[in-house]
1. If only one of 59, 66, 101 is under 27 Å from residue 192 (Cα atoms), at pLDDT 90 or above and not in a strand (DSSP E or B), which one is it?
2. Answer yes or no as to whether residue 222 is outside the structural domain of residue 249 (by TED's automatic domain parsing) and either touching a helix residue (DSSP H, G or I) at 6+ places or on another chain (Cβ under 7 Å) or at pLDDT 85 or above (or both).
3. If I go through region 327-350 residue by residue, how many of them are buried (at least 17 other Cβ atoms within 10 Å of the Cβ) and part of a strand (DSSP E or B)?
4. Among the residues of region 119-171, count how many are in contact with a helix residue (DSSP H, G or I) (Cβ under 9 Å, 6 or more places away or on another chain), free of Cβ contacts under 8 Å to residues at least 60 places away in the same chain and part of a loop (DSSP other than H, G, I, E, B).
5. Which residues, taken from region 264-278, are out of contact with any strand residue (DSSP E or B) (no Cβ under 6 Å at 6 or more places or on another chain) and either under 19 Å from residue 326 (Cα atoms) or at pLDDT 85 or above (or both)?
6. With 166, 173, 150 as the choices, which residue is under 18 Å from the mean Cα position of the chain (by Cα) and at negative phi?
7. Determine if region 141-155 includes at least one residue that is within 23 Å of residue 64 (Cβ to Cβ) and surrounded by 15 or more Cβ atoms within 10 Å (Cβ to Cβ).
8. Of the residues 43, 78, which is modelled with pLDDT of 70 or more, out of contact with any helix residue (DSSP H, G or I) (no Cβ under 6 Å at 6 or more places or on another chain) and farther than 30 Å from residue 271 by Cα?
């Protein structure tokens, strides 16, 4: 019982001296918020896009009788993706081929007859008019064979439209049809993109480039948990020559290196541009704090700040980029305020 009475007595003495009880129970280490060293850069929200992406549509009508891929499958160039019922087209192709064979047989007869007529004319057994009629018959039959062969080729080409193949190697992003659906000309069958060529596109205000005077080299931030967050320096950028008259922004495209892990079209990304005299949207430079001081509770992101009396107070903040063990605080914190480095210890203070 002695330790308990001793602790109570010590606490009563400290209270009598004016020391707050929470200051005795927990040792809070705090550091002042400092201005970010990257205040000369600005971040712009963007999206990951595929440089080569295509929507494969039907060219002929018919029911889908075979669907060999699903969303997420990797395919090779020329691989069969799906088949459309082609029985009627195959029969038309067979009929056209039969007509070609019949025309060739007629041409063979016309050729032999023309050769005989030429021999007879050389011996003065027939007139010039008879020879000309034989030659005309031969040329007419020859033209019919050419027409039948062209028609047969068109039928074979039409029959090939019922087999849909991959135009390039890539990943299937969307399959809006199912087995048995009716394909119609122009209807989308699936979407395919090349994962080896991706880029980040962001809308950047035209004033940014007016300040810099040139196209800067952006850094690409792929947000995510600290363990998987990526920072990439783009080797190639493209600034589109047109400006949106409604938003006064210009499209900036930054290519991603081939094989960047965990990146797919549609993902959120951010482009950081080195801009002279850049500032945040509020007009103040962001602050840096230790990443260990951040508190995340459900949808709330905050940190503990010491008030004038030295008591920790939970403050909601909006975060920016993360570099190493430092994270930017874009709003919710004032320069010089002391941030508690151990939020778990601050949470135990009552």
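The values are calculated or read from the model by the stated rules, or taken from the named source; none is laboratory data. Computed from a predicted structure; not experimentally measured. Positions of Cβ are generated from backbone atoms using ideal geometry, with glycine treated the same way; all protein chains shown enter the neighbour counts.
1. Residue meeting the stated conditions: 59.
2. Considered against the rule, which asks whether it is outside the structural domain of residue 249 (by TED's automatic domain parsing) and either touching a helix residue (DSSP H, G or I) at 6+ places or on another chain (Cβ under 7 Å) or at pLDDT 85 or above (or both), residue 222 comes out as no.
3. 7
4. The total comes to 3.
5. Within region 264-278, 264, 266, 268 qualify.
6. After ruling out the rest, the residue left standing is 173.
7. yes
8. Testing whether each residue is modelled with pLDDT of 70 or more, out of contact with any helix residue (DSSP H, G or I) (no Cβ under 6 Å at 6 or more places or on another chain) and farther than 30 Å from residue 271 by Cα leaves just 78.
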